[in-house]
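First up is the structure itself, then whatever we jot down about it.
A short reminder: the numbers here are calculations on the coordinates, not readings from a lab. Quantities reported herein were computed from a predicted structural model and do not represent experimental measurements. So basically every Cβ, Gly included, is an ideal-geometry build from the backbone, and we count neighbours across all protein chains shown.
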Amino acid sequence: MPELPEVETTVRFLRKKVRNRAFIDVWTDFAKMLQIRQGSTGQVKKGNFEDFRKQLKNKKIQKIWRRGKNIILELSCDKTLLIHQKLTGHLLVGYWIMDNGYWKPKSRGFLGEKVNTYIHLLFTMDNGLMLGLSDLRKFAKVELWDTEKLKESKAILSLGPEPLAKDFTFEKFKEYLKNKKGKIKQVLMNQEVIAGIGNIYSDEILWEAKVNPCKEIKRLSDKEIKKIYDAMRKILEKAIKVQGESISDYRTPTGERGGFDKFRKVYRREGEKCSRCQAVIKKTKIGGRSAHFCPKCQTL
DNA sequence: AGTTGTGTTGAAGA
DNA sequence: ATCTTCAACACAAC
């Protein structure tokens, strides 16, 4: 699942490969994932794929950045593509050829692996390179915005701070947490509080900080908040360094697995021994989502 | 073979 | 307002 480190990995790769390239064409077999946003509120324009295709044609990618789990491609003519990969979507870069209804990678390699074959959207760039979106569950969204409208949209403005931003200090983190209520895991995953953390990294961060995911915010000591803050930065930075996790569907844009699985301590490790204290990792539900933790070193 | 779990986000329901 | 549940969708594992 692409969370902050996976999205960052993708964005860094895209900068190297498609910055300053222009779109020649776009193909999809699932037009529902594409939307044209317009007007002051960014309403969804009723339209069809041909509109989208026409508007994208010959637009040049000028700037590529990330906000939370969103990939943002700023284009020429004051347009911007906003891509959210949701659960199983991941962008891939390479060459494909249509082979009776399916896009087949032009050469052997990682792009041929099953997880990378659910291509439902494919852009062709002006140098022939292609940008594909493989998305098994088809939840991913690609929206075309007016650049200025996007910047003042709820989609961007409602997001909390970037956890790795230089000016996001411990004091600020504490302030952001203090007036929230609920369990720490839920709050960490709330994109309006902090942007980019999902189920995997919230579990990993809390294990690292030795804080139980069910602990209520108001019962956290300053010391615990500091440990969560430090763990958050440490884990996210580490994950970016190794190009994210690939326990499920995420792959880097070359179709390769990220390296974080080696460092994954609790997520989907129910029944295994805690690498710190040998107690058995437990799994529970918090707000309908799975939460993994060590009952011994993450006491309530 | 039918049921359940998967996890992000926004919308609908309470 | 604020909380919880569910739908979007496809597949693996049970």
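Structure summary
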item: Net lengthening on full extension, A:PHE30/A:ARG276 (0.36 nm per residue, minus Cα-Cα); result: 84.0 nm
item: Residue-by-residue Karplus 3J(HN,Hα) for the stretch A:86-92, coefficients 6.51, -1.76, 1.60, Hz, glycine and proline x; result: 6, 8, 10, x, 8, 7, 10
item: Residue-span extension gain [A:THR147 to A:LEU300] - 0.36 nm each, minus C-alpha spacing; result: 50.5 nm
item: Per principal axis, descending, Cα span of the stretch A:83-162 in whole Å; result: 42, 28, 23
item: Summed residue charge, Cβ within 9 Å of A:ALA22's Cβ, Lys/Arg positive, Asp/Glu negative; result: +3
item: Amide H contacts under 5 Å for A:LYS79, placed H, 5+ residues apart; result: A:THR147
item: Around A:GLU162: net Lys/Arg minus Asp/Glu count, Cβ-Cβ under 12 Å; result: +4
item: Chain A - charge dipole about Cα centre, Lys and Arg +1 at Cβ, Asp and Glu -1, debye rounded to 20; result: 720 debye
item: Spin-label zone in the stretch A:1-41 - amide nitrogen under 18 Å from a point set 7 Å from the Cα of A:LYS262 along the C-beta vector; result: A:6
item: Charge tally in the Cβ shell below 11 Å around A:ILE197, where Lys, Arg are +1 and Asp, Glu are -1, A:ILE197 excluded; result: -2
item: Segments A:279-289, A:199-209 sorted - mean Cβ within 10 Å per residue, highest first; result: A:199-209, A:279-289
item: For A:ILE24, A:ILE71, A:ILE197, A:ILE97, order by how many other beta-carbon atoms lie within 10 Å, fewest first; result: A:ILE97, A:ILE24, A:ILE71, A:ILE197
item: Candidate aspartates and glutamates for bridging to A:LYS181, where Cα separation is under 14 Å - those fewer than 8 sequence places away on the same chain excluded; result: A:GLU192, A:GLU216
item: Interchain or long-range residues, amide H under 5 Å from A:LYS215's placed H; result: A:ILE184, A:LYS185
item: Other-chain or far-sequence residues with amide H under 5 Å of A:SER246's (modelled H); result: A:GLY258, A:PHE260, A:ASP261
item: Residue list for the stretch A:16-33, given a label point 7 angstrom along the Cα-to-Cβ vector of A:CYS77 and an amide N cut-off under 17 Å; result: A:20-27
